[in-house]
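Comments concern the structure below.
The values are calculated or read from the model by the stated rules, or taken from the named source; none is laboratory data. Fair warning: this is a prediction, and the values are worked out from it, not measured in the lab. Heads up, the Cβs are rebuilt from the backbone with ideal geometry, glycines too, and the neighbour counts pull from every protein chain shown. All accessible areas refer to the heavy atoms of the entire protein, side chains included, with ligands and DNA or RNA removed. Shrake-Rupley method; radii C 1.70, N 1.55, O 1.52, S 1.80 Å.
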Amino acid sequence: MKKTVFQGRSFLAEKDFSREELQYLIDFSEYLKDLKKRGIPHRYLEGKNIALLFEKTSTRTRAAFTTAAIDLGAHPEYLGKDDIQLGKKESVEDTAKVLGRMFDGIEFRGFSQKVVEQLAEFSSVPVWNGLTDQWHPTQMIADFLTVQENFGRLEGINMVYVGDGRNNVANSLLVTGAILGVNMRIVAPETLFPEANIIALAEGYAKVSGAEIMITDDVTKGVDGADVLYTDVWVSMGEEEKFEERITLLKPYQINMDMVKKTKNDNLIILHCLPAFHDTETVYGKQMAERFGVKEMEITDEVFRSQYARQFDQAENRMHSIKAIMAATLGNLFIPRV
Ligand code: CP
């Protein structure tokens, strides 16, 4: 019997977890979702205190960590970038040592992967990566849970990410899918292909899991036979000056009904980690329309509201999956085998 120890571990990047462990977290999320739907208490973190550190804005991750912590019986405390000394008057190391003496677990959303790693190194409590420029691991458990809910399996599913292939979500999807045996394709302009080290990492995992990896700029070839089309914003947080360049570069990679038809799959589902530029109902959306004449970007409003769209199930799954991650690493659960 293979034993695993989740207790006390941080969740900083998917590559730190085995296929069985990631699959366990997905299945445990499904279990906790069922308990939640049936109103059955699951207070695995009774009496624990959770720090939520946010250098960047967030709707889903913040809301998911907050509600998940409360459902688990823990107390979440939001510490925004202007609320604490982190990085400005106090080093990451010193902040980690202080927070680790008061809190039982720490979530961090920010720019640098090094910061989340230092928090884990110096706090002595589990640290959960709520997004850095490199990885978005808690998003992955929700995403692959959504795929599993729709297809009943992960192995052999064709997941196609279209758009900015160098961002944190693309990195995480490529590596996590490869670990889990999901055939991963990144369809992007060559200048936005994933970094060579990320591709090499994914290819290494794919050799073990049997997943097929494709990186291409050819949309027709890349989306053919897709079970899942996935996209993300064309400009990530902190890159706002790149809007014009990215709109020109990524227009052919927009998820629209032509692309949906090119998949030749009626059972297709569409995922988006959100928020999405699918209309002009936001400040940014209005600005983009005024400055560049575009009313929708990475996904059209028609597709966003279509029968294929699963982005709101995916958003809900952030809560169930973050709950699973926190409970498994901090909840003193007995997990004899994964
Ligand atoms: N998908 C995601 O991380 O959403 P937020 O930025 O709203 O947390």
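Where nothing but the Cβ of Lys and Arg (+1) and of Asp and Glu (-1) is charged, how large is the charge dipole of the stretch 218-338 around its Cα centre, in debye to the nearest 20?
440 debye
Of all alpha-carbon pairs in the stretch 280-338, indicate the percentage at a distance above 18 angstrom.
Counting every Cα pair in the stretch 280-338, those more than 18 Å apart make up 60 percent.
How much net charge surrounds Ile198 when only the other residues with a Cβ under 12 Å from the Cβ of Ile198 are counted, with Lys and Arg +1 and Asp and Glu -1?
In short, -1.
Relative to the longest principal axis of the C-alpha atoms of the chain, give the angle of the C-alpha long axis of helix 113-123, reported between 0 and 90° and rounded to the nearest 10°.
Helix 113-123 and the main axis of the chain meet at about 10 degrees.
Sort Met102, Met288 by heavy-atom solvent-accessible area, probe 1.4 angstrom, most to least.
Met102, Met288
Please report, in Å, the Rg and the Dmax of the chain, where both are computed over Cα atoms only.
19.5, 61
Say we join alpha carbon atoms closer than 10 Å with springs in a Gaussian network model of the chain; which of Gly165, Gly152, Gly225 then has the biggest fluctuation?
Its mean-square fluctuation being the largest, the pick is Gly152.
By what distance, in whole Å, do the Cα atoms of the stretch 146-225 stretch along each of the three principal axes, largest value first?
35, 25, 20
Only loop residues by DSSP count here, and only those with at most 11 other Cβ atoms within 10 Å; note down the trypsin sites (Lys or Arg not before Pro) in the stretch 141-218 that meet that.
Here the sparse-neighbourhood loop sites are Arg153.
If you average the alpha carbon positions of the stretch 21-75 and of the stretch 163-215, how far apart do those two centres end up, in angstrom?
28 Å
Find out how many positive minus negative residues lie around Val260, taking Lys and Arg as positive, Asp and Glu as negative, among other residues whose Cβ is under 13 Å from that of Val260.
-1
Where Lys and Arg each count +1 and Asp and Glu each count -1, what net charge lies around Asp279 among other residues with Cβ under 13 Å from its Cβ?
Result for the local shell: -2.
Report, in debye and to the nearest 20, how large the dipole of the stretch 1-86 comes out about its Cα centre when Lys and Arg carry +1 and Asp and Glu carry -1 on their Cβ. Please list the in-between numbers first.
Numbers: 15 positive and 13 negative charges, 47 e Å.
Computed charge dipole of the stretch 1-86: roughly 220 debye.
For the stretch 89-230, just say rounded, prolate or oblate: build the C-alpha gyration tensor, square-root its eigenvalues into a ≥ b ≥ c, call rounded for a/c under 1.5, and beyond that prolate if a/b exceeds b/c, oblate if not.
Since a/c reaches 1.5 and a/b is larger than b/c, the shape of the stretch 89-230 is classed as prolate.
Quantify how much of the Cα-Cα distance distribution of the stretch 1-152 extends past 19 Å, in percent.
Cα-Cα pairs in the stretch 1-152 separated by more than 19 Å: 55 percent.
Place a +1 charge on the Cβ of each Lys and Arg in the stretch 114-238 and a -1 charge on the Cβ of each Asp and Glu, then give the dipole magnitude about the Cα centre in debye, rounded to the nearest 20.
So the magnitude is around 160 debye.
Please report the accessible area of Asp133 (heavy atoms, 1.4 Å probe, ligands and nucleic acids excluded) in Å², nearest 10.
About 80 Å², ignoring ligands and nucleic acids.
Would you please name the chymotrypsin sites (Phe, Trp or Tyr not before Pro) within the stretch 97-129 that are DSSP coil residues with at most 16 other C-beta atoms within 10 Å of their C-beta?
Answer in residue order: Phe111.
Picking from Ile84, Trp128, Val5, whose Cα lies most toward the positive end of the charge dipole for the chain (charges on Cβ: Lys, Arg +1; Asp, Glu -1)?
Val5
Could you tell me which residue out of Tyr44, Leu268, Phe111 lies farthest along the dipole of the chain toward its positive end? Charges go on the beta carbon: Lys and Arg +1, Asp and Glu -1, centred on the Cα centre.
Tyr44
Go ahead and set up a Gaussian network model of the chain, Cα springs under 10 Å, then flag whichever of Met140, Met257, Met326 fluctuates most.
Of Met140, Met257, Met326, the Gaussian network model singles out Met257 as fluctuating most.
Apply the a/c threshold of 1.5 to the C-alpha gyration tensor of the stretch 1-61 and tell me whether it is rounded, prolate or oblate.
Oblate shape, in that a/c is at least 1.5 and b/c is the bigger or equal ratio.
Choose one answer from Ser236, Ser321, Ser172: the residue with the largest mean-square fluctuation in a GNM of the chain with alpha-carbon springs under 10 Å.
Evaluated over the chain, the most mobile residue of the options is Ser236.
For the stretch 42-93, just say rounded, prolate or oblate: build the C-alpha gyration tensor, square-root its eigenvalues into a ≥ b ≥ c, call rounded for a/c under 1.5, and beyond that prolate if a/b exceeds b/c, oblate if not.
oblate
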